[in-house]
Every structure is written in C-alpha cells, then in structure tokens.
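The values are calculated or read from the model by the stated rules, or taken from the named source; none is laboratory data. Only a predicted model underlies this, so the values are computations on that prediction, with no experimental measurement involved. All Cβ positions, even for glycine, are placed from backbone atoms using ideal geometry, and neighbour counts span all protein chains on display. The accessibility values were calculated without ligands, DNA or RNA, using every heavy atom of the protein model including side chains. Shrake-Rupley method; radii C 1.70, N 1.55, O 1.52, S 1.80 Å.
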Amino acid sequence: MTNITRRHFGIMAGASLSALGLPILSAPSLAQGKPRVVVIGGGPGGATAARYIAKESNGAIDVTLIEPLKTFTTCFFSNLYVGGFRDYKSLTHNYDKVRKGGVKVVHSMAASIDRDKKQVVLAGGGRVPYDRLLVAPGIDIKFDSVPGYSEKAAEVMPHAWKPGAQTQLLVKKLNALKDGDQIVMIAPPNPYRCPPGPYERVSMFAHVLKKKGFKKSRIVILDPKPAFSKQGVFTEGWEKHYPGMIEWQDPKIHGGIKGVDAKTGEVKTDFTNYKPALVNVIPAQMAGKIARDAGLANQSGFCPIDAASMKSTVDPNIFVVGDASIAGEMPKSAFSANSQAKVAAMVIRAELTKSRAFPARYSNTCWSLIAPDDNIKVGASYEPVDGAIKASNSFVSQRNESADLRKQNYKESVDWYQGITTDIFG
Ligand SMILES: Cc1cc2nc3c(=O)[nH]c(=O)nc-3n(C[C@H](O)[C@H](O)[C@H](O)COP(=O)(O)OP(=O)(O)OC[C@H]3O[C@@H](n4cnc5c(N)ncnc54)[C@H](O)[C@@H]3O)c2cc1C
C-alpha cells in the first residue's frame, strides 16, 4: 500500500467508524507501525497495566483501555464508607491522568473478543485490533448460587460486592435501622474477592449500631465456609468492641443456607427462618463475562494463567490479571491485581519491544478495620514455584496486640489507599 492509499484507507476506516459514533482506533497505530496493546477493564488490574505499559515503553507501544465507566468507584475502602469513616466521593476516581499518561481511553463495553482475528469487538460494533490483549474485567456475581436470589432481589437485599449503587443502597438501609432490628449477612464461598471483606463489613455494621447507642440489634453471619480469613483476630475484636452483638454460624450450626425470599424478606437455613430488617447477600463469584465468553476460563469460572507472566494458558496473546484470574495462593484483592498488572505489563513490554523482563515477584496485604483505630492485616510476598504462584514471608495480625500497633496498621492502610489509587489512576 502506498503512502497515499494507506492514508486514504485510514481516513475511510475512520470515517465509517465515526459515522457509527465509534472512536478511530486502528489508523494511528497502523500508520506509526507501533505494536498495539488493548486492555479490557479499567479497575486496579487493567488501569495499572495500561499506565505501566505506556510509561515503560516510552511511547513505543500503542495502548488502548476499554472501560464503560467514566468514573471508577473502588470496592476497596467501601467498608469504611459503610462505617462512616469515608465519604462516597473519596472512593471515586476518573481516567484523566490515565489519558495524560499516553493511554487512549475508550468508554465502551467490550462485547466480545475475536481471538482468531486478534480484535476486540465493542458494544457498538467497532473493532479494536491488538498484538497483545490484557483482560481484567473483575468478577460477575453468581446470583443463582443462593436459591431465590437474583439481580432483581439485589435491589431489596443488596450484595454490594460490586461498587456503586449497590454500596449506596446498603448504606441507606443500614442507616434506616432502628434499635432491635436484625441484620443477616450471607457470606460467600471460596474463592471470592477480598477474603476478609465480609467480616470487615460486619465490623462496620456493628460500629454504626454501637455509635447509635443500639443495645438490642444483632448481626448474624451465615457462612458456607467452616473458617474465614483472620478469624481469630476478628472474633477477638468483636468480643472486645461489640460484645454479644455478632453471631457467626458455620455450616455445622446453620445446617445449610436454603435460600432467600426478596418479597417476604425471609432468609431460610436448615434450622431457622429469619426475617431481618437488613439482608446482605454475598453470593459465589466468577470471572467477568467477557473472559468466560472468550473461552479464557476453566470449569471453576476463573481464568488459568502462567505463574511467571500472568499470560492466559489458553491464548499466548492474552494476559488475564486481577479477580478474573486464578493466581495460585494470591487472594483476589486490589493489591494483588495491581501487583499482577505490573508483572504482565513488564512481560508485554519485553515481548513487544524486544527488551528485558525480570523474574516475576508479587505481593499483597489486606488491612481490615474492626473499630476506630483497631486495624488488623494479613499479607505475603509471592513468586512462581513449580508453575504456581506460591506465598512466602507471610504475616498476619495476632491476638492481644497493642493498641498502638493496631493504630499504626490503620494509618498504614490509609496511606496505602492513597498510594495505590495514585498508582492505578495516576
Ligand atoms: C467490600 C470490599 C472491600 C474490599 N477491600 C479491599 C481492600 O481493602 N484491599 C484490597 O486490596 N482489595 C479489596 N477489595 C477487592 C478489590 O476491590 C478487588 O479485588 C479489585 O477491585 C479487583 O480489581 P480488578 O481490576 O480485577 O477488577 P475490578 O475492580 O472489578 O475492575 C474491573 C473493571 O472492568 C470493567 N469491565 C468489566 N467487563 C468489561 C467489559 N466487557 N468491557 C470493558 N470493561 C469491562 C468494569 O467496569 C470494571 O471497571 C474489596 C472488595 C470488596 C467488595
């Protein structure tokens, strides 16, 4: 193709795309001959990867981020919003600095991935070609994992496990409670995003009830698991700050969660029927639809990856990071997603610019607030061992720690939020 005809082709392609209201994507990268990376999902995994690829390749790679939302509200720290420690606005971030960092941000849903043609098909029908694709769509809720629960039922019994309106609904319902009202939480089975998250949320429920001076309200956790993250330190904290208020039931106690009825407000277990004023149902989870539809997930519903690169084991041109991936011993967290994204970004940059990659190293810490200034943490470093991501140097808060240490943890978590959101969104 001559220069004139190539330019003509670019304009024609652009004209037809913009006539459809779609961005002109492929022409500049084709003209410059730059390798093209497309990222699906602008959360901690996707936005971090997009920014790092653009930055570390020094403009040598054309990076496009596809994300429908113009502002992203973090799930992480949403429990602090529930507890009244943060306002909602402080959890929302936009993509202005991601754009300034050299990433083309397209606010659209990716409808499908054409793996044969190496193109992402946008919801409006436009196609975005890629040399490497990074997929980070987070989770989808498995509504039918709790009998009677559905997207419609979530309007009455919020899950609030995806950010936005659901979290606001949960807070509205919490703040409307009267003394004596009961809360029931159905906790999720493994694996799910943020292992300590449900138990931090219960702590925040209890904090709100205590602050209002409620003496008669109770919180029941119906758990499909026999144990949970940081259990010893959580239960110690509950006894200390909220004596008698929180009851955790494992399957041996409740006998099985039979389901919910959003019309009557009931929650049924094998042994009891509850009719609480607030029901928080956190169902089982799976990788976001786009990843499952593209055949990147296995029967677990999540996507297997190569431990040294976060590359999909299904397609060598695709990487999966964050909650959608099966990352060995790493928990599904924003910290993990951000850490995995940096490894994937490095490998992509190295493959496309024929530059050097370093051995993969990952890390994670999850902080949880039990009560004001009483914060506990769990974390580890991770690396590939025999093809799987394995933990080393792990640590977890202990019972009977000093108030100073717990306060220091809280400060650490606040600094972490500031640092990681800057790393993700610029
Ligand atoms: C209550 C709660 C508390 C938490 N607390 C913590 C914490 O303290 N620390 C911590 O590290 N983690 C915490 N987490 C977990 C953390 O929020 C997630 O692990 C993290 O958001 C995962 O990042 P991700 O990029 O994989 O997915 P997500 O954050 O879900 O981002 C995915 C993005 O992809 C977009 N997307 C999906 N499908 C498509 C598509 N087809 N096309 C285009 N875009 C698409 C979505 O709009 C979304 O913006 C918490 C979670 C919850 C629910």
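Looking only at the stretch 386-418, which residues are open to solvent by 30 Å² or more (accessible area, probe 1.4 Å), within 14 Å of S336 (Cα to Cα) and within 12 Å of the ligand (Cβ to nearest atom)?
Within the stretch 386-418, just W416 meets the criteria.
Suppose the filter is polar (S, T, N, Q), touching a Lys or Arg at 6+ places or on another chain (Cβ under 9 Å) and away from the ligand (no atom under 16 Å from the Cβ); does S381 pass it? Full working, then the answer.
Numbers: polar (S, T, N, Q): yes; touching a Lys or Arg at 6+ places or on another chain (Cβ under 9 Å): yes; away from the ligand (no atom under 16 Å from the Cβ): no.
Spelling it out, it is not the case that S381 is polar (S, T, N, Q), touching a Lys or Arg at 6+ places or on another chain (Cβ under 9 Å) and away from the ligand (no atom under 16 Å from the Cβ).
Of all the residues that make up the stretch 53-75, how many are assigned to a loop (DSSP other than H, G, I, E, B) and touching a residue at least 24 places away in the same chain (Cβ under 8 Å)?
Quick first cut of the stretch 53-75, residues assigned to a loop (DSSP other than H, G, I, E, B) only: 57-61, 67-70, 74-75.
Checking which are touching a residue at least 24 places away in the same chain (Cβ under 8 Å) leaves us with 57, 59-61, 67-70, 74-75.
Number satisfying all stated conditions: 10.
Working carefully through the options T73, T5, T64, find the one that is more than 13 Å from V128 (Cβ to Cβ), modelled with pLDDT of 95 or more and β-branched (V, I, T).
T73
Suppose we keep only residues that are over 22 Å from G197 (Cα atoms) and in contact with a helix residue (DSSP H, G or I) (Cβ under 7 Å, 6 or more places away or on another chain) within the stretch 31-46. Which one would you say is nearest to the ligand (Cβ to nearest atom)?
I40
How about the stretch 326-337: which of its residues are open to solvent by less than 20 Å² (accessible area, probe 1.4 Å) and more than 8 Å from the ligand (Cβ to nearest atom)?
Start the filter on the stretch 326-337 by keeping residues that are open to solvent by less than 20 Å² (accessible area, probe 1.4 Å), which leaves 327, 330, 333-334, 336-337.
Passing the criteria: A327, M330.
For the stretch 220-309, which fully contained helices (runs of 4 or more DSSP H) count at least 2 residues that are within 16 Å of the ligand (Cβ to nearest atom)? Lay out the reasoning, then the answer.
On the way: elements: 231-241, 251-254, 289-293.
Output list reads 231-241, 289-293.
Hey, among the residues in the stretch 119-136 that are of a type outside the set (A, V, I, L, M, F, W, C) and touching a strand residue (DSSP E or B) at 6+ places or on another chain (Cβ under 6 Å), which one's least open to solvent (accessible area, probe 1.4 Å)? It would help to see each step written out before you state the result.
Just the residues of the stretch 119-136 that are of a type outside the set (A, V, I, L, M, F, W, C), to begin with: 119, 124-127, 129-132.
This time we only want the ones that are touching a strand residue (DSSP E or B) at 6+ places or on another chain (Cβ under 6 Å), so: 119, 127, 129-132.
Numbers: Q119: 42, R127: 95, P129: 25, Y130: 3, D131: 37, R132: 40 Å².
Out of the qualifying residues, it is Y130.
Please verify whether the stretch 243-251 includes one or more residues that are over 30 Å from F335 (Cα atoms), open to solvent by less than 40 Å² (accessible area, probe 1.4 Å) and without any contact (Cβ under 8 Å) to a residue 40 or more places away in the chain.
Looking through the stretch 243-251, at least one residue is over 30 Å from F335 (Cα atoms), open to solvent by less than 40 Å² (accessible area, probe 1.4 Å) and without any contact (Cβ under 8 Å) to a residue 40 or more places away in the chain.
Among the residues in the stretch 155-163, are any open to solvent by 50 Å² or more (accessible area, probe 1.4 Å), at pLDDT 95 or above and within 14 Å of the ligand (Cβ to nearest atom)?
Within the stretch 155-163, one or more residues are open to solvent by 50 Å² or more (accessible area, probe 1.4 Å), at pLDDT 95 or above and within 14 Å of the ligand (Cβ to nearest atom).
Name the residue, out of Y95, Y81, Y130, that is of a type in the set (S, T, Y) and under 30 Å from V202 (Cα atoms).
Numbers: Y95 fails: under 30 Å from V202 (Cα atoms); Y130 fails: under 30 Å from V202 (Cα atoms).
Checking each option against the conditions leaves just Y81.
Among the residues of the stretch 49-81, which ones are more than 8 Å from the ligand (Cβ to nearest atom) and among the β-branched types (V, I, T)? Break it down stepwise before answering.
So in the stretch 49-81, the residues more than 8 Å from the ligand (Cβ to nearest atom) come out as 49-65, 70-71, 73, 80-81.
Matches in the stretch 49-81: I53, I61, V63, T64, T71, T73.
Considering only residues of the stretch 338-384 that are among the polar types (S, T, N, Q) and in contact (Cβ under 8 Å) with a residue 60 or more places away in the chain, which is most open to solvent (accessible area, probe 1.4 Å)? Break it down stepwise before answering.
If we filter the stretch 338-384 for residues that are among the polar types (S, T, N, Q), which is where we start, we get 338-340, 353, 355, 363-365, 368, 375, 381.
The next check asks that each one be in contact (Cβ under 8 Å) with a residue 60 or more places away in the chain; those that pass are 338, 340, 353, 368.
Numbers: N338: 10, Q340: 3, T353: 49, S368: 1 Å².
Filtering the stretch 338-384 for residues that are among the polar types (S, T, N, Q) and in contact (Cβ under 8 Å) with a residue 60 or more places away in the chain, the one most open to solvent (accessible area, probe 1.4 Å) comes out as T353.
Among the residues of the stretch 308-317, how many are crowded, with 24+ Cβ neighbours inside 10 Å and touching a residue at least 60 places away in the same chain (Cβ under 8 Å)?
The qualifying residues number 1.
Let me confirm something: among G124, G148, which residue is under 30 Å from G265 (Cα atoms) and more than 21 Å from the chain's Cα centre (by Cα)? Talk me through it step by step, then tell me what you get.
Working: G124 fails: under 30 Å from G265 (Cα atoms).
That would be G148, the only listed residue that is under 30 Å from G265 (Cα atoms) and more than 21 Å from the chain's Cα centre (by Cα).
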